[in-house]
1. My understanding is that a pair violates if its Cα-Cα distance is over 26 Å; which of K83/K138; K91/K138; K6/K88; K51/K134 do that in this structure?
2. Please give the FRET efficiency for E68 paired with M158, using the beta carbon to beta carbon distance and R0 = 41 Å, rounded to the nearest 0.05.
3. Let me know the charge dipole size of the chain about its Cα centre in debye, to the nearest 20, where only the beta-carbon of Lys, Arg (+1) and Asp, Glu (-1) is charged.
4. Taking a ≥ b ≥ c as the square roots of the eigenvalues of the Cα gyration tensor of the chain, is the shape rounded (a/c under 1.5), prolate (a/b larger than b/c) or oblate?
5. Would you calculate the separation in nanometres between label points at D149 and Q7, each defined as 7 Å from the Cα along the Cα-to-beta-carbon direction?
6. Mean Kyte-Doolittle of at least 0.0 and a Cα length of 15 Å or more along the axis: which whole DSSP H helices of the chain meet both?
Amino acid sequence: MSVFVKQANTDDIPTIQNIAAITWAATYHFLSEGQLSYMMEMMYSNESLQKQIQEEHQFYLACEINHEEISVLGFTSVCDEKKEGIFKLHKLYVLPTAQKKGVGKLLIEKAVEYCKQNDATQLQLQVNRFNNAKIFYKKMGFTVLYEADFNIGNGYFMNDYVMGLDIF
């Protein structure tokens with residue numbers, strides 16, 4: 001597998017939305033259909049993604065070259081939290097068929113590289129307490145900083161661990 005990471009732009013919104021739809025269905029089976037729909041619209045509508053890409057977040061795509069054809073295997077987004085060197089990994093999703101093949105690791109490495117270029121001292125993320133991705137993040141060096149329940153509106157909460165990785 002020949003995988004590389006590239007910066008995403010607004011032209012990549014349909015690809016990001018497609019990967020999110022596929023991975024969310026497999027990942028968040030413990031959330032209600034109503035909450036999933038609400039969160040997908042909130043975070044992955046065309047308007048939301050355009051704003052994120054243009055104003056706040058740095059998106060990256062993990063791409064595979066196979067017989068001169070490029071396919072996207074996953075994506076991540078990271079941004080400056082404007083809190084004394086703290087950056088946040090907002091999204092990291094890899095297609096189920098590409099998981100456990102180093103794709104997530106490449107995306108984390110790219111996010112860390114971006115953090116270093118921007119003088120970050122820590123990269124933080126939130127992961128649902130029922131999401132097995134916590135194991136992956138621990139392998140990548142993240143530690144649990146605390147637990148929190150975040151009100152995201154419409155009567156829904158994100159029940160998360162906040163994890164951090166010190167950047168050197």
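Coordinate-derived values only; no laboratory data. Quantities reported herein were computed from a predicted structural model and do not represent experimental measurements. Using ideal geometry, Cβ is built from the backbone for each residue, glycine included, and neighbour counts are taken over all protein chains shown.
1. K51/K134
2. 0.50
3. Charge dipole of the chain: 580 debye, to the nearest 20.
4. Taking the square roots of the gyration eigenvalues as a ≥ b ≥ c, the chain is rounded.
5. Label-label distance for D149 and Q7, simple model: 4.1 nm.
6. Details: long enough: 13-27 (20 Å, 0.91); 33-44 (16 Å, -0.24); 103-117 (21 Å, 0.06).
Membrane-span-like by this criterion, though nothing is claimed about a membrane: 13-27, 103-117.
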